[in-house]
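So the structure is just underneath, and the comments pick up after that.
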Amino acid sequence: MSAIVFTAVLFAAFLHAAWNALVKSAGDKFLMTIMVASSAAFLAAVALPFLPQPDVESWRYIVASAVIHVGYFTLVALAYHHADMSQTYPLMRGPAPFLVALVGALALGEPLSPAAWIGIGLISFGVLSMVGIRRNGDGKGVAIALCNAAVIAAYTLVDGHGVRLSGSPAGYTLWVFMLTGIPLAAWVMARHGKTAFVRAGLDWRVGLLGGLATLAAYSLVLWAMMAAPVAIVAALRETSILFGTVISAVILKENVGTSRLAAACIIVFGAIALRLG
């Protein structure tokens with residue numbers, strides 16, 4: 001992985017942590033998640049006419065990815081509804097890189113070096129080490145988060161292959177987000193009415209900022225997947241939990257204990273292993 005690709009994925013990880021922090025700070029986390037997805041769809045619709053369109057061969061992957069992403073955003077919202085984000089976010093993100101690496105190596109012909117496996121293992125272990133399972137009735141949220149880890153792995157593998165066939169990483173990404181956001185926004189309006197976001201006290205500018213962040217983050221990730229193995233990019237992207245820890249401590253003023261700092265150091269070592277590998 002070149003230095004440019006490495007830096008781009010780290011920036012994507014920061015953007016991913018940033019939009020999740022926006023969700024965490026919202027009063028209604030469920031509607032904020034949908035607002036972020038809907039805003040990304042709006043931005044995609046505005047930009048698509050000015051970009052090269054994906055090749056025909058990639059369209060089945062675009063449609064499949066959009067369907068999987070609808071499930072992803074729905075499970076994100078449900079997980080945050082049933083359990084704390086600090087608990088469910090690592091559970092969703094931690095197992096996914098290892099699942100991607102296993103499927104990629106066994107089924108898709110993307111073998112990895114020993115250093116890459118060490119890096120993926122360290123990042124996954126570090127992310128999962130952030131979790132503190134508490135006996136407070138949040139078992140449903142934990143189960144949902146673990147299910148979403150498989151969903152994340154699924155769309156990562158689909159997009160990792162589809163974007164390489166598209167000939168237009170930006171066009172591919174924007175179509176995925178537009179096809180994802182439209183049904184989510186339609187569902188919210190059908191269930192809660194057109195003013196659902198306003199009645200929930202959500203600021204559309206915050207939602208738009210979150211949509212821009214998630215759109216830019218995933219665009220960078222898919223671009224990186226055209227230049228590096230999918231499993232390595234997927235693992236490095238999960239350094240978002242490291243940036244999330246910094247945001248939690250500095251901006252959200254949350255208490256970050258020594259165990260989380262130790263886990264963050266493990267993630268850093270994993271990222272170094274991926275870079276050196």
- Query: Under the classification rounded if a/c is under 1.5, otherwise prolate if a/b is larger than b/c and oblate if not, where does the range 107-239 fall, given a ≥ b ≥ c as square roots of the Cα gyration tensor eigenvalues?
  - Reply: oblate
- Message: Tell me the relative contact order for the chain as a rounded percent, counting alpha carbon contacts under 8 Å between residues six or more apart.
- Response: 41 percent
- Inter-probe distance in nm under a simple model that places probes 7 Å from Cα toward Cβ, at R191 and A143: 1.9 nm
- Given a Förster radius of 35 Å and the C-beta distance between A64 and S2 as r, what FRET efficiency does 1/(1 + (r/R0)^6) yield to the nearest 0.05? 0.75
- Item | At 0.692 mPa s and 37 °C, Stokes diffusion of the chain via Kirkwood alpha-carbon radius, µm² per second | 176 µm²/s
- Message: How much accessible area per residue does the chain have, counting only protein heavy atoms and a probe of 1.4 Å, in square angstrom?
- Response: 43 Å²
- Message: Sorted from largest to smallest, which semi-axis lengths in Å does the alpha carbon gyration tensor of the range 1-107 give for its equivalent ellipsoid, taking the root of 5 times each eigenvalue?
- Response: 25, 21, 16
- In debye, nearest 20, what is the charge dipole magnitude of the chain about its Cα centre with +1 on Lys and Arg Cβ and -1 on Asp and Glu Cβ, if you could check? 540 debye
- Could you tally up the Lys pairs in the chain with alpha carbons closer than 20 Å? Skip any pair fewer than 8 positions apart unless they're on separate chains. 5
- Message: Suppose the chain between L212 and F269 were pulled fully straight at 0.36 nm per residue; how much longer would it get relative to their current alpha carbon spacing?
- Response: 17.6 nm
- Note on the structure: For the A105, V56 Cβ pair and Förster radius 25 Å, calculated FRET efficiency rounded to 0.05 is 0.30
- Show me 155-161, 171-177, 64-70 ranked by packing, highest mean number of other Cβ atoms within 10 Å first. 171-177, 155-161, 64-70
- Taking all protein chains as present, what is the carbon and sulfur share of the accessible area of the chain, in % to the nearest whole number, probe 1.4 Å? 72 percent
- For the chain, what does -39500 (n - 2.57) per DSSP helix run (n ≥ 4), summed and divided by total residues, give at 222 nm, in deg cm²/dmol to the nearest 500? -26500 deg cm²/dmol
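The values are calculated or read from the model by the stated rules, or taken from the named source; none is laboratory data. The structure displayed is predicted, hence computed values, not measured ones. Because the Cβ atoms are built from the backbone with ideal geometry, glycine has one as well, and the counts that use them run over all protein chains shown. Each accessible area value is taken on the protein alone, full model and side chains, heavy atoms only, with ligands, DNA and RNA left out. Shrake-Rupley method; radii C 1.70, N 1.55, O 1.52, S 1.80 Å.
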